[in-house]
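The values are calculated or read from the model by the stated rules, or taken from the named source; none is laboratory data. What you are looking at is a predicted structure, and each value in this text was computed from that prediction instead of being measured. A quick note on method: Cβ atoms are made from the backbone with ideal geometry, for glycine too, and the neighbour counts reach across all protein chains shown. With ligands, DNA and RNA removed, areas are computed over all heavy atoms of the protein, side chains included. Shrake-Rupley method; radii C 1.70, N 1.55, O 1.52, S 1.80 Å.
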Amino acid sequence: MEQQDQTHRKALNIHLKKDGELNLSGLTLENLTTEEFLVVQQIIDESKARSHSNRQIEELMQRGMMAQTAIAAFTILMFSFMGIYGITRYIGSQVQQTYTQESGVRSQNSGELNR
């Protein structure tokens with residue numbers, strides 16, 4: 001008789017997804033023994049813990065992405081300022097070189113005019 005009772009029991013399907021979500025189907029609490037109830041309760045608790053852990057991991061990943069974006073923006077600004085500084089120095093040296101050449105030409109011309 002007990003064997004017949006077990007064969008007529010409905011199957012319990014438990015699906016625990018990677019993100020911690022738990023799907024139970026075919027479950028009625030009236031038909032569960034104490035051991036089965038404890039096992040189901042433990043699965044539910046583990047599912048909640050996984051779900052909570054996954055939320056924390058996602059939050060940490062988002063913070064990491066924000067930090068990475070801030071570092072990238074700072075690096076771009078730093079290289080931009082270095083480029084502007086380099087261009088400014090180059091232009092300044094060209095102006096200085098031109099000024100020095102013109103001063104040399106003027107001094108030669110004034111020397112020729114004084115003769």
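Yes/no matrix, rows are residues, columns are (1) hydrophobic (A, V, I, L, M, F, W, C); (2) open to solvent by less than 90 Å² (accessible area, probe 1.4 Å):
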{"position": "His52", "(1), (2)": "no, no"}
{"position": "Arg55", "(1), (2)": "no, no"}
{"position": "Leu60", "(1), (2)": "yes, no"}
{"position": "Gly64", "(1), (2)": "no, yes"}
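Each residue in segment 28-50 was checked for being more than 19 Å from Lys17 (Cα to Cα) and surrounded by 10 or more Cβ atoms within 10 Å (Cβ to Cβ), and 5 of them qualify. Within segment 1-21, being modelled with pLDDT of 70 or more and surrounded by 13 or more Cβ atoms within 10 Å (Cβ to Cβ) holds for one residue alone: Ile14. Checking Val40, Val95 one by one, the residue that is closer than 30 Å to His15 by Cα and either among the aliphatic types (A, V, I, L, M) or at pLDDT 95 or above (or both) is Val40 and no other.
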